[in-house]
Amino acid sequence: MVDVAAPDEAEILGTAVTASGLAAEAPVKIPVERYTSPEFAQLEYERLWPKVWHVACTVDHVANPGDWFEHRLGPYSVLLVRGDDGVLRGFQNVCRHRGNPIALGSGTEARELRCPYHRWAWDLTGKLREIPSRRGFGPISNDDLPLIPVRVDSWARLVFVNLDVHAEPLADWLEGIPDDIAWANLEEFRGTYSTVTPVNCNWKVVNEGFSETYHVQGLHREMLGSIDDVNSPQRIWDRHSASYQPYGVASPRLGRNVDDQTVWDSFVVTQGGRMGPDHTEPGPAPAVPDGQTLQDVIAQKIRDHQATQGVDLSGYDTAQITHLNQYNLFPNTTVLISAELFTVLTARPGAHPDEGELATIHLRRMPSADAPPTTPVHVTVPMDQADFGFVLNQDFSVIATMQAGLRQPGFTHVWLSGEECRIINMHRHLERSLGLAPGGWTPVESGSANGPGPAR
Ligand code: FES
Ligand SMILES: [Fe+2]
């Protein structure tokens, strides 16, 4: 079996396409070892994770001088801390004495960063300032042993880190996304809470579950009454991609004559809370004024509910409120945005390819961009206690079981359709990051089959 790119793959990857608008001439096959092999996970630890910008938290998690937050990504741990000068800095979370992590968790009002083991201490800029019983070390300069810095930057209230201090600027890394979503005025949002849930699957299983709408007709059938999952535009820049999904209209998969009651029931069941607490149970569809659509009525109800929170959405039209803008940031982050909604889902690697973490960050639009910082709650939520709402809970049901399927010995490849072009694009960039041939899972320089891995 030879794995090659589908003939029309270049066309798919270089073009704006609808959710199911292109028929591929051949499927794209991805070897399952990318999800199961410890050697492959090791390759990711070495060549991917230390080189990419990735989301850690919101600015609000570390808003004040002395605030600090530990960000973990697989084996890596970064300590974010805001200095007395107001600058947010990041350091590899390791003591320069004998390697103990300096701090775990998060906190406020730090005056220094002091290792609990032998009490070496650094100031909030990372400069060493105290070594207990210093004489025993002989000549040693504080300038020789600063904390090891990492790159830190922010966009849209999100704090990004990169262990590679020579990485390209975050603004370049994000490609066209900030311009694409500029209309949403994301600077008006503030963090409300964030979660981490350990999952028993590879990080790519989590990530890919948020990288296509093909599964709506399978896993989220209740959504079909209120999403156009067929004509949703998809867009691919280079490493990142997007999907723009209209809600408040029925899926073409249900045929042409879907009544408003069906659309209403579906919207209420799957995301009625966006219209306020009165719309979480199905009931009679509201009247639709002449010249409007049910989608317009839904948008107005969301505006009305936000107004009760002091948020004015009158400047946002029906599409900006009812469409979900889903950005897939290479390699592991999904950003969900509509006029009043801003949620970030991040898939993180675990210690083993069968393990990972789903991290979520939830933000809320404030009355203005001048709103003061919030104090987000950050919690670990066990998988069996995670409840993220009707639709995400359905996604969780797959996250909980998928790795067992991938482990079956007869299963050799994941097969991808043009409809899943954002996943294909992620794998093509993964190949570049890891030094693999297309369709391979071992590095080109060491693979026995020049990339595709051992022959089957
Ligand atoms: S390991 Fe940190 S002070 Fe010794
Ligand atoms: Fe889903």
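General remarks:
- Close pairs from the range 331-355: first within 14 Å of Gln271 (Cβ to Cβ), partner surrounded by fewer than 24 Cβ atoms within 10 Å (Cβ to Cβ) and of a type in the set (Ser, Thr, Tyr), Cβ under 6 Å, at least 6 apart: Leu336/Thr343; Ala339/Tyr316
- Subset of the range 221-244 [surrounded by fewer than 19 Cβ atoms within 10 Å (Cβ to Cβ) and over 20 Å from Asn425 (Cα atoms)]: Arg221, Glu222
- Test: residue in the range 387-398 that is among the aromatic types (Phe, Trp, Tyr), under 18 Å from Asn332 (Cβ atoms) and assigned by TED's automatic domain parsing to the domain that holds Glu46: yes
- Every condition in (1) more than 30 Å from Tyr244 (Cα to Cα); (2) within 16 Å of ligand 2 (Cβ to nearest atom) holds for Ala19 except the one numbered (1).
- Filtering the range 371-387 for residues that are modelled with pLDDT under 95, closer than 30 Å to Glu281 by Cβ, touching a Ser or Thr at 6+ places or on another chain (Cβ under 6 Å) and buried (at least 17 other Cβ atoms within 10 Å of the Cβ) leaves a non-empty set.
- Test: Thr197 is within 16 Å of ligand 2 (Cβ to nearest atom) and either of a type in the set (S, T, N, Q) or over 20 Å from the mean Cα position of the chain (by Cα) (or both): yes
- Listed by first and then second residue, the pairs linking a residue in the range 188-205 that is within 30 Å of Ala371 (Cα to Cα) to a residue that is in a helix (DSSP H, G or I) and of a type in the set (Asp, Glu), with Cβ atoms under 7 Å apart and 6 or more places separating them unless they lie on different chains, are Arg190/Asp60; Gly191/Asp60.
- Within the range 86-109, tally of residues that are within 16 Å of ligand 1 (Cβ to nearest atom) and within 23 Å of Asp144 (Cα to Cα): 13
- Listed conditions (1) more than 16 Å from ligand 2 (Cβ to nearest atom); (2) under 30 Å from Phe40 (Cα atoms) are all met by Glu188, apart from (2).
- Of the residues screened, Val263 is one that is assigned to a helix (DSSP H, G or I), surrounded by 20 or more Cβ atoms within 10 Å (Cβ to Cβ) and β-branched (Val, Ile, Thr).
- Qualifying residue in the range 9-27 (condition: at pLDDT below 95, among the hydrophobic types (A, V, I, L, M, F, W, C), part of a helix (DSSP H, G or I) and out of contact with any Leu (no Cβ under 7 Å at 6 or more places or on another chain)): yes
- Test: Val159 is assigned to a strand (DSSP E or B), outside the structural domain of Ser241 (by TED's automatic domain parsing), of a type in the set (Val, Ile, Thr) and under 25 Å from Phe388 (Cβ atoms): yes
- Subset tally (residues that are aromatic (Phe, Trp, Tyr) and within 23 Å of Ser232 (Cα to Cα)) for the range 397-444: 1
- Restricted to strands (runs of 3 or more DSSP E) entirely inside the range 335-444, those with at least 3 residues that are among the charged types (D, E, K, R) and in contact with a strand residue (DSSP E or B) (Cβ under 7 Å, 6 or more places away or on another chain) are 356-365.
- Of all the criteria given as (1) in contact with a Leu (Cβ under 9 Å, 6 or more places away or on another chain); (2) assigned to a strand (DSSP E or B); (3) within 14 Å of ligand 1 (Cβ to nearest atom), the one not satisfied by Leu147 is (2).
- Residue within the range 101-111 that is touching a residue at least 60 places away in the same chain (Cβ under 8 Å) and either out of contact with any Cys (no Cβ under 7 Å at 6 or more places or on another chain) or surrounded by fewer than 21 Cβ atoms within 10 Å (Cβ to Cβ) (or both) present: yes
One line per residue, one yes/no per condition, for (1) part of a helix (DSSP H, G or I); (2) among the aromatic types (Phe, Trp, Tyr); (3) surrounded by fewer than 19 Cβ atoms within 10 Å (Cβ to Cβ):
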| residue | (1), (2), (3) |
| --- | --- |
| Tyr117 | no, yes, yes |
| Leu124 | no, no, no |
| Arg129 | no, no, yes |
| Arg135 | yes, no, yes |
| Pro139 | no, no, yes |
| Asp143 | yes, no, yes |
| Ser154 | no, no, yes |
| Asp164 | no, no, yes |
| Glu168 | no, no, yes |
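- Of all residues in the range 206-227 being over 21 Å from the mean Cα position of the chain (by Cα) and in contact (Cβ under 8 Å) with a residue 40 or more places away in the chain, the one that is nearest to ligand 2 (Cβ to nearest atom): Met223
- Candidate set: the range 296-330, residues that are part of a helix (DSSP H, G or I) and among the aliphatic types (A, V, I, L, M); chosen: the one surrounded by the fewest Cβ atoms within 10 Å (Cβ to Cβ): Ala307
- Any hit, the range 364-373, residues being within 24 Å of Arg235 (Cα to Cα) and in contact with a Leu (Cβ under 9 Å, 6 or more places away or on another chain): no
- Inclusion of Glu70 among residues that are of a type outside the set (S, T, N, Q), within 13 Å of ligand 1 (Cβ to nearest atom) and over 22 Å from Trp173 (Cβ atoms) is not warranted.
The values are calculated or read from the model by the stated rules, or taken from the named source; none is laboratory data. A quick note: this is a predicted structure, and the numbers were derived from the prediction, not measured. No Cβ is skipped: glycine too gets one built from the backbone with ideal geometry, and neighbour counts run over all protein chains shown.
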